[in-house]
Amino acid sequence: MGQSTVINLSIGGMSCAGCVSVVEEILQNVAGVSEANVNFAEHTAKVVGDVSAAALIAAVEAGGYEAAVLTGSEDEAEEKEAAELAAYQSLLKKAAVAAALGGPLFLLGLLGAMPPLHGWGTVFWLLISALTLAVLIYSGRHFFSGAWVSFQNHHANMDTLIALGTGSAWVYSTLITFFPDWVPEQSRHVYFEAAAIIIALINLGSALEVRARSKTSQAIKRLIGLQPKTARVVREGRELDIPIEQVGLGETLRVRPGEKIAVDGVLLDGHSSVDESMLTGEPLPVEKSVGDEVVAGSINKSGSFLFQATRIGSDTALAHIIELVRQAQNAKPAIGRLADKISALFVPTVLIIAVLTFMVWYNVGPAPVSAYVFAVTMTVLIIACPCALGLATPISIMVGVGKAAEFGVLIRNGEALQRAGQLTTIVLDKTGTITEGSPTVTQLVPFAGWDETRLLQYAASLEAASEHPLAEAIVSAAKQRDIACLPLTGFEAKAGTGVGALVAGQAVLLGNEALLREQGVDLSESVASQALALADEGQTPVYLAVEQQVVGIIAVADPVKVDAREAIHHLHQMGLKVVMLTGDNPRTAQCVAAQVGVDEVIAQVLPADKADKVAALQGRGEVVAMVGDGINDAPALARADVGFAIGSGTDVAIESADITLMRGSLFGVSDAIDISRATVRNIKQNLFGAFAYNSIGIPVAAGALYPLFGLLLNPMVAGAAMAMSSLTVVSNANRLRFFTPRSRGE
């Protein structure tokens, strides 16, 4: 292997949050693993390292759990959905069987019609004991087998608590049935109905939880569902429908109206409008003509066209998005890691509390001691399950990340999701972020006997070798005037200042004022005043110098995005400071800033220095986001607390930022922050509910209210409360599915 890979596993056999830390420890102990994250809500694990899937699966299985590799295919998603449905139905059946026994017994107890533990009643209770054992085997087998596997591997989990509680209830009740004289008459109480009803309630709660939990992964299901299964290729003049897996790079494909585009590619023939809302979150179709890129999963609205496949299989933009969303849903922010650590200690702590409870009630409890001791200890074991605590974070992250993807916001990790809601300052790159990123030549100002044609010819000859957006504008202007480029040698790009080369044997420089100063070119007062006038109008002056003499200025303007001012105003309303960071000259930068209403302008900054400017803001106590194109701004994106890469279509710099905005609008930043705040708020609600439940439930179950009010919690009520606590957390997380960022609502 020799290199780090990412392996996604499906994990079976996890029963509670305590299992998360156990499985993570198992995976991290495998040689070559550098990182392992387990998602209890999805029952999946993401493993990074130089390791084989077989080694990981073997380790997990040796630890008493099950594992299989996740491929992310649509068939796999369908299989998972079918498995979830089968699990739901199985849990409902188990709950019904247990309730069929426990319900009537519970009613008999309420009516005071329970048979005695002697005479004919003995036969009745022996029959009930046998039926309860059958219920424990059929409806509760997974709890007991899980507890046994945990015991063998030297750890405890939810299954341990349930098995101890219900198993001891059956053992105690059966012993009392056979040997009623072992305890005083007032202690002769059996708990068969409690064992059966607890099993019924926990199974019912688990079934409802599985049902509600399946809704949280709808974002992934929806994205996978966008991938068509077949494609229409043109081979030897014939159009053939073939499985998507058989499409090769460079093949020509036909797309008809209403069809999904199978792979990424470039239009060869035809014209159409394409719905790319799955990618960008924008509902309006995008016009496509020859030379334009199309992406897999988008829908052709009108017109038939031919396109050439440029990316297939796992290389398509849609495949990258699915993988990104899946990884983000498995990621953990700091708040989630804290919950996992607490959960890992929770079950052992509860077992200690149960032992202490037993000892206290045994020594100072009222008569009949044995009845009270047993009932209270069992109640502590049953109520204390930390499932809700383990679900609190991952379930909200899954929904939040999926919701963000719906709006064209791709969140790469859980840390960014949590941090985005804490931002105080947003730093915006100018070109391509505030402006359209497609500048055009607006003016040509020749000096020293030069004319516009010659000025543009020399500039275009230089810029033909450059990939800068300004270069593209100059070359495009020359093409429009049918100006041919001159021969070029010794081309050199000077980061952040311009370019230089020999054009037709002459030393030529093209760039900003800093380039001229660096190269010792004299800038006359008249030339400088011309440049200042252009900059005051929001145009960027680009100087052309030949043989150390300035021969002209080319003015380039990049129009501001139509919604930039409104989006920045929206960020201000959210209480955020907005800073523009640009390599452009201060006058042009101030002109653009005045148009959009930013709070602070930092101009004439080299790409390499942008990270230092971000660090300086952080040094002032600001929590900083950097918004850029994800390539030129990579150091600043990495230095910021949260990096936002502005992407469009398939040109998404997924690897360069924490969050990628699939549409070019700055409203994506506010959408991401809104979703982050809503998700973190939801996590905190879940954690508060889970902690409050256990903090209140355990002392009450242990009998804290008995000395004052004579109140004890019934073990069956404890079982119902435990099941409902998990369901409450899942239901609360699913509320995020209906969340809409404020900018979309407006």
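The values are calculated or read from the model by the stated rules, or taken from the named source; none is laboratory data. Source: prediction; values computed, not measured. Neighbour counts run over all protein chains shown; Cβ positions are idealised from the backbone, glycine included. Areas reflect the complete protein model, heavy atoms only, side chains present, ligands, DNA and RNA absent. Shrake-Rupley method; radii C 1.70, N 1.55, O 1.52, S 1.80 Å.
Quick notes on this one:
Per-residue answers, yes or no, for (1) in contact with an Asp or Glu (Cβ under 7 Å, 6 or more places away or on another chain); (2) among the polar types (S, T, N, Q); (3) at negative phi:
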position: LEU105; (1), (2), (3): yes, no, yes
position: LEU117; (1), (2), (3): no, no, yes
position: PHE124; (1), (2), (3): no, no, yes
position: ILE128; (1), (2), (3): no, no, yes
position: TYR138; (1), (2), (3): no, no, yes
position: GLY146; (1), (2), (3): yes, no, yes
position: ASN153; (1), (2), (3): no, yes, yes
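Results for (1) surrounded by fewer than 17 Cβ atoms within 10 Å (Cβ to Cβ); (2) in a loop (DSSP other than H, G, I, E, B); (3) of a type in the set (Gly, Ala, Ser), shown as yes or no for each residue.
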| site | (1), (2), (3) |
| --- | --- |
| GLU78 | yes, no, no |
| LEU91 | no, no, no |
| ALA99 | no, no, yes |
| HIS118 | yes, yes, no |
| LEU136 | no, no, no |
| HIS142 | no, no, no |
| SER145 | yes, no, yes |
| LEU161 | no, no, no |
| LEU164 | no, no, no |
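- Flag if GLY703 is over 16 Å from the mean Cα position of the chain (by Cα), assigned to a loop (DSSP other than H, G, I, E, B) and on the phi > 0 side of the Ramachandran plot: yes
- Consider segment 596-616 and keep the residues that are touching a Gly at 6+ places or on another chain (Cβ under 6 Å) and in a loop (DSSP other than H, G, I, E, B). The one that is most open to solvent (accessible area, probe 1.4 Å) is LEU606.
- In segment 100-151, the qualifying residues are those that are within 50 Å of the chain's Cα centre (by Cα) and among the polar types (S, T, N, Q), and the one that is nearest to ALA200 (Cα to Cα) is SER139.
- Among the residues of this structure, SER302 counts as one that is modelled with pLDDT of 75 or more and over 27 Å from the mean Cα position of the chain (by Cα).
- Residue match in segment 288-304 (condition: part of a helix (DSSP H, G or I) and within 23 Å of LYS403 (Cα to Cα)): no
- Selection within segment 43-63 - open to solvent by 20 Å² or more (accessible area, probe 1.4 Å) and either over 23 Å from PHE151 (Cα atoms) or at pLDDT 85 or above (or both): LYS46, VAL48, ASP50, SER52, ALA53, ALA54, ALA55, ILE57, ALA58, ALA59, GLU61, ALA62
- Residue within segment 734-743 that is at pLDDT 85 or above and over 30 Å from SER277 (Cβ atoms) present: no
- In segment 10-37, of all residues being without any contact (Cβ under 8 Å) to a residue 60 or more places away in the chain and open to solvent by less than 10 Å² (accessible area, probe 1.4 Å), the one that is farthest from VAL149 (Cα to Cα) corresponds to ALA36.
- Counting only residues that are surrounded by fewer than 18 Cβ atoms within 10 Å (Cβ to Cβ) and small (Gly, Ala, Ser), segment 333-374 holds 2 of them.
- Among the residues of segment 681-704, those identified as open to solvent by less than 70 Å² (accessible area, probe 1.4 Å) and either touching an Asp or Glu at 6+ places or on another chain (Cβ under 6 Å) or farther than 18 Å from ILE382 by Cα (or both) are ASN682, ILE683, ASN686, LEU687.
- When the helices (runs of 4 or more DSSP H) confined to segment 375-470 are screened for residues that are of a type in the set (Phe, Trp, Tyr) and either open to solvent by 10 Å² or more (accessible area, probe 1.4 Å) or at pLDDT below 85 (or both), those reaching at least 1 such residues are found at 452-463.
- Any pair with Cβ under 7 angstrom, 6 or more apart, that starts in segment 126-142 at a residue that is more than 12 Å from ALA95 (Cα to Cα) and in contact (Cβ under 8 Å) with a residue 40 or more places away in the chain and ends at one that is in a helix (DSSP H, G or I) and β-branched (Val, Ile, Thr): LEU126/THR177; SER129/THR174; SER129/THR177
- Enumeration of residues in segment 305-332 that are polar (S, T, N, Q), assigned to a helix (DSSP H, G or I), open to solvent by 30 Å² or more (accessible area, probe 1.4 Å) and touching a strand residue (DSSP E or B) at 6+ places or on another chain (Cβ under 9 Å): GLN327
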